[in-house]
Amino acid sequence: MFEEVAKTAEGDLVINVGPQHPATHGVLHLLITLNGETIKKVEPHLGYIHRSIEKMCESLTYRQFIYVTSRMDYLSAHINNHACALCVEKGMQIEVPDRAKVIRVLMDELTRIASHELWWGAMAMDLGAFTPFFHAFRERETINDIMEETCGARLTMNYMVPGGVMQDLHPDFQRRVKEFLVLYKRKIHEYDEMVTGNIIFQNRMKGVGYISPEDVISYGVTGPAARGSGVSSDIRKLYPYEIYDKLQFDEVLETAGDSFARYLVRLREMDQSIRIVEQLIDNIPEGDFQAKTKAVLKLPKGEFYTRVETARGELGVYIVSEGGTTPYRIKFRSPGFSNLSALDHMVRGGKLGDLVASMGTLDLVIPDIDR
Amino acid sequence: MFITDYIKDVFGAMKSLGTGLKRTLYYFTHHKEIITQQYPDNRATLVLPDRFKGEVVMPHDEKNEHRCTGCTACELACPNGTIKVVTKFDITPEGKKKKAIDKLVYHLELCTMCNLCIVACPSDAIKMAQTFEHSVFDRSQLTKVLNKPGSKIMEGVE
Amino acid sequence: MYERIITVLPVKKIKEKKQNITVWSFADISKTIDQWLNDWVGATWATVFEMVIAGVCVIGLFALLGLVLVIMERKVAAWIQIRLGPNRVGPKGMLQSLADTVKLLVKEGMTPDGADKFLFNLAPFIAMIVAMLLMAPIAFAKDFQMWDLNVGVLYISAVSSISVISILMAGWASNNKYSLLGAMRSGAQIVSYELSAGLSVLAIVVLTGSLSLTDIIQSQQNGWWIFKGHIPVIIAFITFIIAVTAETNRAPFDLAEAESELTAGFHTEYSGMKFALFFLAEYVNVFIVCAIGATLFLGGWMPFHIGSWEGFNHVMDYIPSSIWFFGKTFFLIFLIMWFRWTFPRLRIDQLLNLEWKYLLPISMINLLLVTVMAIMGWHF
Ligand code: SF4
Ligand code: SF4
């Protein structure tokens, strides 16, 4: 299971990929030992964008700390906020109105689509095709516009608050989302034409970065990266929160375990998210968008844990409360960190070109890893 | 057979490449699909959604009156210490002392546009403005006083 | 052969039909200049002057090509990527590459610590010189050719393989691991792809029976080889396009500078004008290989003729030969740019697989077919 740590021998080439490198999409530093073009070892060095978010949260109240979590995995900011709001609600035993639940799920799924769109573009760009990146942004911008209209911001929305959502949906929301659905249906086949079906792309992805289901479990890989190896790990199915148990959608599973399988999982997951949005968009119940809560939130003494499925995997929020207005300790179990830990295992013995193909399918967001 | 597989391989590959080429040629020849927005040129027609969180402002009416009572709820709600409420005591016509704001200092450079102060304000005295071009040459210009000079509190706001 | 090194001279005897066409042409201009110089300063000095003029023309063409191709590439990329592309400097952004050149000129050209200074600074010039040498045998228009070499095709394939030296030199001298990896990749790549490029060029040589570019163009008077040569020539054309894309290090074969893996590959450490020279050499190389492709397969400056449609052929003849040549070349350049902005990059082992398992066997069998075709006279 755990291989011997490869020794750097004479004649090995040690190169630094990052902290500033086009393929790491952020300030990740990989120390790579190469033998010619073959990778012997990959050693991730972290901490270049550590902002001590967990520590910061300890000095913020339960209303305030949610906004900071948008800055962890900024591509699924809504889902991060959602997880924190859920945890506070669990501690306070706040009953969230139905309308708020539906709005939250809608926003989560839109975020997931937007995140996967960006990943798809970046994935293709990692492999040297630049055009898909711009095409992916076309659809993603539409979602961002919808977010901007309802939440007031494009990336760090801070829309989820304990007890519901901050503002009601914008009157245009439903129309805009339906427009997006039409656009998505019209354009999604191009993704296959330009990238998925391309013979070069398939050759670059198939059989690359293989990880077995056992290793997935032992490394704690979650999300689409785990489902590419056939490990069922969708929190929305396994431990349904909000209204996911009432929705019809499939957990996408592939068994090949290589980069291409992970790629397909993400691509199909977008379709499943579209399915969820389609189910909900015409059935948003009337009612309050926020439960009545006390002005000052105080969690009872104890420990609280919630988990949600972000676009990258399982995000856990663990709060220890001493009964005050601020948490005593907060710990985030971020998906990117565990996923990154499996990178070495995946690419060892591959070519340098395989590194970007495997790293791309892990969909790393560096602020999520470092926090 | 080996040879037929080989030929099939070659043609399959060519076909997949051709599909991609067809798609990009479509975009090359269809300029109406271009989505670029010419940003600084389209300032006049640029519409930002009315909920866009650009910067915190305090609306004043035409009599130079605002709605802020100086309750400091916004200061408490802000996670970043962006807002400082400086209060003073006004003398009302009846001769009583009344708490009012002297200055509401707002540090734009610390603000994360999280909207919490707006939600917290009990008298709707502040709101988000739809501006986004915040760059200035001097950092001190980012510290703003939200209430206009000489303004006073609106009648009937408690 | 030596006496033929005479610049800008209409060397070939004009032996074809339709001398009655009097469209403004480069050949006439060069002839006039040649006569005028000969009358004025005598034959020896005329040759010297002509050489100088030719040199200046080549450098001018270089600069012009760099500007045009960069703006073309950026526009093609932008439109494929649903963007507008450069549109600020000059009318419709057409002067953008000029502004970039000025920027690159005034930038500092750094030599990194620990680099082999001499080789580091020499490498970009070698890249340029190779590109310039390759200009010599290309026929830009009817009777307009710097050096009508009787082994033109051989010359081109020989000189073009020098370009790998500049890349290896740059990669080695930079004292940078990325550069070294990039250089090694491109070494393997260019050496392999030379084979299939050479074999596909041979197909045309076999059909024509001559290595001279002028003869090859003349042989296409009654139809371009791509139309005359049936399927084998089309296969040769496709292999040629793939091989030269790889030889010029363009995507999807840009492993030498694969920026998601090696940041910028062999020119990571270059800046300012030295970088610009590499950049320019890349574009000029693209132009040259496309010019060769156009000459061999699409008839060079020969106009497009359809069998017995006299009227149509006549109209085609009225289009100047230089426009035919540049039209075809730029069509091929567009093709290569189109590839670049559509395809992902190959991996190094796949790249070599493609060459040794697919392109090489195919082009060898193809060459056999072409030879049989040429012997039996099955082409038109
Ligand atoms: S928007 Fe947020 S950070 Fe800015 S002043 Fe209001 S509460 Fe503070
Ligand atoms: S802006 Fe609102 S919350 Fe802040 S001091 Fe004034 S009234 Fe109170």
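The values are calculated or read from the model by the stated rules, or taken from the named source; none is laboratory data. Just so we're clear, the structure is a prediction, and the values are computed from it rather than from any experiment. Cβ sites come from the backbone with ideal geometry, for glycine too, and all protein chains shown count toward neighbours. Quick note on the areas: whole protein, heavy atoms, side chains included, nothing else; ligands and nucleic acids left out. Shrake-Rupley method; radii C 1.70, N 1.55, O 1.52, S 1.80 Å.
Within the range B:126-135, can one find any residue that is open to solvent by 30 Å² or more (accessible area, probe 1.4 Å), within 11 Å of ligand 1 (Cβ to nearest atom) and within 14 Å of chain A (Cβ to nearest Cβ)? The answer is yes; a qualifying residue exists. If only residues of the range B:43-68 that are open to solvent by less than 30 Å² (accessible area, probe 1.4 Å) and over 18 Å from the mean Cα position of the chain (by Cα) are counted, the one that is farthest from ligand 2 (Cβ to nearest atom) is B:Glu65.
When B:Thr87 is tested against the conditions (1) closer than 30 Å to C:Glu73 by Cα; (2) touching a Gly at 6+ places or on another chain (Cβ under 8 Å); (3) polar (S, T, N, Q), the lone failure is (1). Against the condition within 27 Å of C:Trp338 (Cα to Cα), at pLDDT 80 or above and in a helix (DSSP H, G or I), how does C:Ile241 come out, does it pass? So C:Ile241 fits the description; yes.
Would you confirm, using the coordinates I've provided, whether B:Thr36 is open to solvent by 70 Å² or more (accessible area, probe 1.4 Å), at pLDDT 80 or above, within 14 Å of another protein chain (Cβ to nearest Cβ) and away from ligand 2 (no atom under 16 Å from the Cβ)? Against the criterion (open to solvent by 70 Å² or more (accessible area, probe 1.4 Å), at pLDDT 80 or above, within 14 Å of another protein chain (Cβ to nearest Cβ) and away from ligand 2 (no atom under 16 Å from the Cβ)), B:Thr36 does not qualify.
A single entry from B:Leu48, B:Leu21 fulfils the requirement of being over 27 Å from A:Pro132 (Cα atoms) and either facing another protein chain (nearest Cβ under 10 Å) or at pLDDT 85 or above (or both): B:Leu48.
Under the condition of being touching an Asp or Glu at 6+ places or on another chain (Cβ under 9 Å) and within 16 Å of ligand 1 (Cβ to nearest atom), which residue from the range B:71-100 is farthest from the other protein chains (Cβ to nearest Cβ)? Once the filter is applied, the top-ranked residue is B:Val86.
So that you can scan it fast, the table gives a plain yes or no per residue for (1) surrounded by 18 or more Cβ atoms within 10 Å (Cβ to Cβ); (2) more than 14 Å from chain A (Cβ to nearest Cβ); (3) over 30 Å from A:Glu193 (Cα atoms); (4) modelled with pLDDT of 85 or more:
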| position | (1), (2), (3), (4) |
| --- | --- |
| C:Trp301 | yes, yes, yes, no |
| C:His314 | no, yes, yes, no |
| C:Ser321 | yes, yes, yes, no |
| C:Thr329 | yes, yes, no, yes |
| C:Arg340 | yes, no, no, yes |
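Across the range C:266-297, the number of residues qualifying as buried (at least 24 other Cβ atoms within 10 Å of the Cβ) and assigned to a loop (DSSP other than H, G, I, E, B) comes to 1.
Of all residues in the range B:87-110, those that are under 24 Å from the mean Cα position of the chain (by Cα) and within 14 Å of ligand 2 (Cβ to nearest atom) total 4. Taking into account only those residues within the range B:111-123 that are within 14 Å of chain A (Cβ to nearest Cβ) and more than 7 Å from ligand 1 (Cβ to nearest atom), which is surrounded by the most Cβ atoms within 10 Å (Cβ to Cβ)? Among those that are within 14 Å of chain A (Cβ to nearest Cβ) and more than 7 Å from ligand 1 (Cβ to nearest atom), it is B:Cys121.
Exactly one residue among A:Tyr74, A:Tyr48, A:Tyr67 is under 29 Å from A:Gln174 (Cα atoms), surrounded by fewer than 19 Cβ atoms within 10 Å (Cβ to Cβ) and at pLDDT 85 or above, and that residue is A:Tyr74. The combined condition, being within 14 Å of another protein chain (Cβ to nearest Cβ) and without any contact (Cβ under 8 Å) to a residue 40 or more places away in the chain, is not fulfilled by C:Ile348. Would you mind finding the one in B:Asn115, B:Asn42, B:Asn64 that is farther than 30 Å from C:Ile362 by Cβ, in contact with a helix residue (DSSP H, G or I) (Cβ under 9 Å, 6 or more places away or on another chain) and polar (S, T, N, Q)? Just one listed residue meets the conditions, B:Asn115.
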